[in-house]
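Asker: I'd like to ask some things about the structure below.
The values are calculated or read from the model by the stated rules, or taken from the named source; none is laboratory data. Quantities reported herein were computed from a predicted structural model and do not represent experimental measurements. FYI the Cβ positions are ideal-geometry reconstructions off the backbone, even for glycines, and counts take in every protein chain you see.
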Amino acid sequence: MKDNDIIRHTISEATTRNWKRLHSDGSGRLMSRANKQLSTKTILPVEYFSNKANIADIQRFVNFCKEQNYKVEEVIYSVGVKLLKEAGILEKPHVAAALKPLTPLMDLKPLVPPPLPKDENDLLGLLYQCFLLEGEKNRKGSYYTPYEVARNMTKGLDFSKNQTFFDPCCGSGAFLLALEGASPKQIFGCDNDSVAVMIAKINLLLKYKTEVFESQIFYCDYLKQSFKYNETNISYDYIVSNPPWGAVIFDEKGNQITTRESFSFFFEKAFSQLKNDGLIRFLLPESVLNVRTHKKFRQFLLENTDIQSITLYDSAFSGVQTKYIDIESRRTRHALSQQDEIRITSWDKACLIRNEKNIKKACFHLTNNLNFNLLSDSDLKKVQKILSIGKYTLKDSIWGLGIVTGDNKKHLKTKQGRGFEPIYTGKEIDAYGLKAPKYFIKYKRTGYQQVAKDEIYRADEKLVYKFISKNLVFAYDDTQSLVLNSANVLIPRIPGMSVKTVLAFLNSSTFKFLYKSLFGEIKILKGNLMELPFPEISADTDKRLTQLVDEVLKGDVVAMKIIDNEVAKLFEIPRA
């Protein structure tokens with residue numbers, strides 16, 4: 001596959017469209033988003049080490065093997081055989097049978113590398129990851145689960161009544177190794193990586209070295225192929241997995257979750273193989289909680305499963321910025337209620353429990369996108385109160401995106417010359433007012449990649465707001481100024497409210513609390529803003545809030561506090 005073919009299969013359609021609009025083939029600076037997917041470097045998976053003191057030894061071993069030009073299959077097989085021999089089981093018939101498909105590797109010359117540490121939970125899996133290219137890992141969305149996380153996700157599982165366990169993306173077997181109380185005959189797994197399957201099989205032989213068994217780990221593509229134990233429509237008591245993230249799947253035929261996100265397809269198929277009252281627990285990117293793209297996934301969980309818990313991990317995989325969570329659900333026939341509670345657990349980077357609480361499932365039904373808002377009872381009641389009093393929204397308002405020049409260095413100047421006018425970025429937007437501009441532009445709308453209608457920028461009154469922000473930050477503008485794409489424009493249309501009164505609500509502590517509670521994103525999105533509720537107010541209240549905003553614009557800080565109190569009072573809640 002050519003590099004550009006890879007990009008088309010791994011970069012979003014929106015990005016591809018933008019490249020075309022800029023007449024780019026993806027080979028210039030816009031390639032930055034695809035760099036990881038084409039990267040040929042390797043990354044040391046620090047989070048997968050059981051003992052961080054082994055990092056130097058493992059790195060030394062990997063460097064030696066690369067210098068000798070050993071293939072990764074050779075290294076893994078040779079080390080695996082060495083471990084089986086040291087465990088005293090290499091010559092056992094069932095072990096020989098498990099290794100038989102690998103006989104082409106039997107004639108390899110023995111490796112003479114530096115010594116390896118013996119106190120790693122999954123030495124073979126760790127070594128394998130050290131050889132994998134960053135681009136390959138990124139394209140496949142394949143990152144192995146740290147032992148402490150795998151242990152947490154499998155603890156407490158009962159195997160006393162012959163319950164079965166299945167991992168459809170087992171990799172080197174992180175979850176299989178973490179199981180307690182299960183026999184190898186109760187464990188099933190598959191993966192589409194032949195080396196990973198080899199590792200998982202060897203790992204099980206080492207884990208159950210006193211037992212005689214045939215491994216039930218299979219090499220196949222779970223989404224496209226069946227394997228021995230699928231063909232009998234077997235179902236499982238427990239399905240626990242860390243599926244690929246970010247890999248785009250285009251075939252949506254027959255699936256309820258139509259996001260094209262790989263993990264959603266794995267979850268839906270795995271859930272179909274779960275026994276009644278069985279448990280399914282998947283490790284997922286944190287974004288599944290509130291990103292709009294994953295609405296169908298959240299909807300599937302709410303309509304088909306009984307969510308038991310969500311665990312938040314304060315960590316990310318090496319080479320990946322996204323933090324991860326796990327969601328545990330059951331397949332149940334019981335009627336579900338929004339008053340039912342689920343357990344929320346937070347882990348710190350040392351893999352210690354930092355916080356535990358229970359929340360009501362009603363938290364998941366507060367927004368159109370079914371965001372999984374993890375609110376305390378008191379915050380939930382406050383949000384519900386605000387939503388109940390709201391009568392109007394911003395859906396009938398006028399919206400405008402900031403200008404995308406396509407080349408800021410070319411179009412923007414730091415000094416105002418003849419024919420140039422101010423243009424504001426998100427950094428110059430302060431609560432209520434605009435700071436002094438840092439950039440100037442000679443405006444010519446046909447020369448830019450993206451531009452709103454002139455009447456939006458040139459409106460007599462408008463609000464401009466930061467696009468990237470932890471809080472709502474809106475400023476009033478009556479100077480008909482331009483904004484860049486780190487800022488957007490709103491011309492509000494709320495019955496009985498002036499533009500300045502709407503500004504008072506949007507900048508209030510109540511709305512900041514509400515936005516963070518409902519959406520929890522650092523992007524201030526139009527779709528989210530359109531869900532914010534505005535109450536019906538009297539003409540006197542509108543006049544009062546407008547006057548208070550005028551006082552704030554003149555520099556009266558006390559007026560901001562009064563606005564906060566006035567808005568909270570209108571929603572019948574304590575000041576947020």
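Asker: Going through the range 145-175 one residue at a time, which ones are free of Cβ contacts under 8 Å to residues at least 40 places away in the same chain, of a type in the set (D, E, K, R) and more than 20 Å from LEU205 (Cα to Cα)?
Answerer: LYS155, ASP158, LYS161
Asker: Take the residues in the range 158-192 that are charged (D, E, K, R) and farther than 15 Å from ALA270 by Cβ; name whichever of them is surrounded by the most Cβ atoms within 10 Å (Cβ to Cβ).
Answerer: The selected residue is LYS185.
Asker: In addition: Tell me, yes or no, whether the range 431-452 has at least one residue that is of a type outside the set (Ser, Thr, Tyr), exposed (fewer than 13 other Cβ atoms within 10 Å of the Cβ), closer than 23 Å to VAL473 by Cα and in the same structural domain as VAL552 (by TED's automatic domain parsing).
Answerer: Within the range 431-452, one or more residues are of a type outside the set (Ser, Thr, Tyr), exposed (fewer than 13 other Cβ atoms within 10 Å of the Cβ), closer than 23 Å to VAL473 by Cα and in the same structural domain as VAL552 (by TED's automatic domain parsing).
Asker: Something else: Could you say whether any residue in the range 369-384 is surrounded by 15 or more Cβ atoms within 10 Å (Cβ to Cβ), touching a His at 6+ places or on another chain (Cβ under 9 Å), of a type outside the set (A, V, I, L, M) and closer than 30 Å to LYS462 by Cβ?
Answerer: So far as the range 369-384 goes, yes, one or more of its residues are surrounded by 15 or more Cβ atoms within 10 Å (Cβ to Cβ), touching a His at 6+ places or on another chain (Cβ under 9 Å), of a type outside the set (A, V, I, L, M) and closer than 30 Å to LYS462 by Cβ.
Asker: Filter the range 164-202 down to the residues that are in a loop (DSSP other than H, G, I, E, B) and more than 17 Å from SER241 (Cα to Cα) and list them by number.
Answerer: Across the range 164-202, the qualifying residues are GLY181, SER183.
Asker: Select from the range 271-320 the residues that are part of a helix (DSSP H, G or I) and of a type in the set (Phe, Trp, Tyr) and list them in ascending order.
Answerer: Residues satisfying the conditions are PHE271, PHE297, PHE300.
Here's the yes/no breakdown for (1) surrounded by fewer than 16 Cβ atoms within 10 Å (Cβ to Cβ); (2) among the acidic types (Asp, Glu):
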{"position": "ASP454", "(1), (2)": "yes, yes"}
{"position": "ASN471", "(1), (2)": "yes, no"}
{"position": "LEU484", "(1), (2)": "no, no"}
{"position": "VAL489", "(1), (2)": "no, no"}
{"position": "SER498", "(1), (2)": "no, no"}
{"position": "THR501", "(1), (2)": "no, no"}
{"position": "TYR515", "(1), (2)": "no, no"}
{"position": "LEU518", "(1), (2)": "no, no"}
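Asker: While we're on this one: Restricting attention to the range 209-254, which residues are aromatic (Phe, Trp, Tyr), at pLDDT 90 or above and crowded, with 18+ Cβ neighbours inside 10 Å?
Answerer: Once the filter is applied, which keeps residues that are aromatic (Phe, Trp, Tyr), at pLDDT 90 or above and crowded, with 18+ Cβ neighbours inside 10 Å, the range 209-254 yields PHE218, TYR219, TYR222, TYR236, TYR238.
Asker: Read through the list (1) touching a residue at least 60 places away in the same chain (Cβ under 8 Å); (2) under 20 Å from the mean Cα position of the chain (by Cα), then give the number of the only condition that LYS349 fails.
Answerer: Answer for LYS349: the failing condition is (1).
Asker: Does the range 282-302 hold any residues that are within 13 Å of the chain's Cα centre (by Cα) and free of Cβ contacts under 8 Å to residues at least 40 places away in the same chain, and which are they?
Answerer: Matches in the range 282-302: GLU286, SER287, THR293, HIS294.
Asker: Give the number of residues within the range 352-364 that are surrounded by fewer than 14 Cβ atoms within 10 Å (Cβ to Cβ) and in contact (Cβ under 8 Å) with a residue 40 or more places away in the chain.
Answerer: Summing the residues that are surrounded by fewer than 14 Cβ atoms within 10 Å (Cβ to Cβ) and in contact (Cβ under 8 Å) with a residue 40 or more places away in the chain in the range 352-364 gives 1.
Asker: Something else: Take the residues in the range 73-92 that are of a type in the set (Gly, Ala, Ser) and more than 15 Å from SER172 (Cα to Cα); name whichever of them is modelled with the lowest pLDDT.
Answerer: Looking at the filtered set, the residue picked out is SER78.
Asker: Out of curiosity, is LYS395 more than 27 Å from GLU551 (Cα to Cα) and either at pLDDT below 95 or surrounded by fewer than 17 Cβ atoms within 10 Å (Cβ to Cβ) (or both)?
Answerer: yes
Asker: If you go through the range 382-433, how many residues are within 25 Å of PHE534 (Cα to Cα) and of a type in the set (Val, Ile, Thr)?
Answerer: Here the count works out to 6.
Asker: May I ask you to list pairs of residues, at least six apart or on different chains, whose Cβ atoms are under 6 Å apart, with the first in the range 398-416 being closer than 21 Å to ILE524 by Cα and the second being among the polar types (S, T, N, Q)?
Answerer: Listed pairs, sorted by first residue: LEU401/ASN488; GLY402/ASN485; GLY402/ASN488; VAL404/GLN449; VAL404/GLN450; VAL404/ASN485.
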